[in-house]
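The values are calculated or read from the model by the stated rules, or taken from the named source; none is laboratory data. Owing to the predicted nature of the structure, the values given are computational and were not obtained by experimental measurement. Ideal geometry is used to build each Cβ from the backbone, glycine not excepted, and the neighbour counts take in all protein chains shown. To get the accessible areas, we keep the full protein, side chains included, count just its heavy atoms, and leave off ligands, DNA and RNA. Shrake-Rupley method; radii C 1.70, N 1.55, O 1.52, S 1.80 Å.
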Amino acid sequence: MEEPEAILIIYAPEGIDVSEQPIERPVKGQKDFYSGKKRHTVKAQLIICALTLTILSVVVGKGRQHDFSVFKGCRLLLHPEALLLADSGYQGMHGLHQNSVLPIKKQKGKPLSAEDKAHNKALPD
């Protein structure tokens, strides 16, 4: 098993999100950086402490890479008791970090129930 690059031992709630930054079109390997949104980008994933707004981790990935793939690729270990707040781009996070909170996505052809809508509205922005 590979050793993690870093270990965060934080008990406070943490937030995670990815931001895309446009770049010039690369000469080689354009496909890796094409985000599908009519531009070439790199993704910057930030993990912040929700209480102090301190940046705990910054990971950069290629524009074509999915948000959750950037997280899995960074091999970062979080304390199991730390609450992780993530957006819907991190579906499947519960498999890696049990104490994570994600919005509930609508299933194809089925509207969200009132309970699911209330859960999503209760999440911090």
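What to note about this one:
- In region 90-114, residue most open to solvent (accessible area, probe 1.4 Å) [restricted to those that are part of a helix (DSSP H, G or I) and small (Gly, Ala, Ser)]: Ala114
- On the stretch given as region 41-89, residues that are in contact with an Asp or Glu (Cβ under 7 Å, 6 or more places away or on another chain), farther than 18 Å from Pro13 by Cβ and assigned to a strand (DSSP E or B) total 3.
- Flag for Glu115 being of a type in the set (Asp, Glu) and at pLDDT 90 or above: yes
- Cβ-Cβ under 7 Å pairs, at least 6 apart or on other chains, region 11-40 side free of Cβ contacts under 8 Å to residues at least 40 places away in the same chain and farther than 20 Å from Cys74 by Cβ, far side open to solvent by 50 Å² or more (accessible area, probe 1.4 Å) and hydroxyl-bearing (Ser, Thr, Tyr): His40/Tyr34
- When region 10-40 is limited to residues that are under 16 Å from Leu85 (Cα atoms) and assigned to a strand (DSSP E or B), the one that is modelled with the lowest pLDDT turns out to be Glu14.
- Flag for His66 being at pLDDT 85 or above, in contact with a Pro (Cβ under 8 Å, 6 or more places away or on another chain) and either of a type in the set (Phe, Trp, Tyr) or surrounded by 11 or more Cβ atoms within 10 Å (Cβ to Cβ) (or both): no
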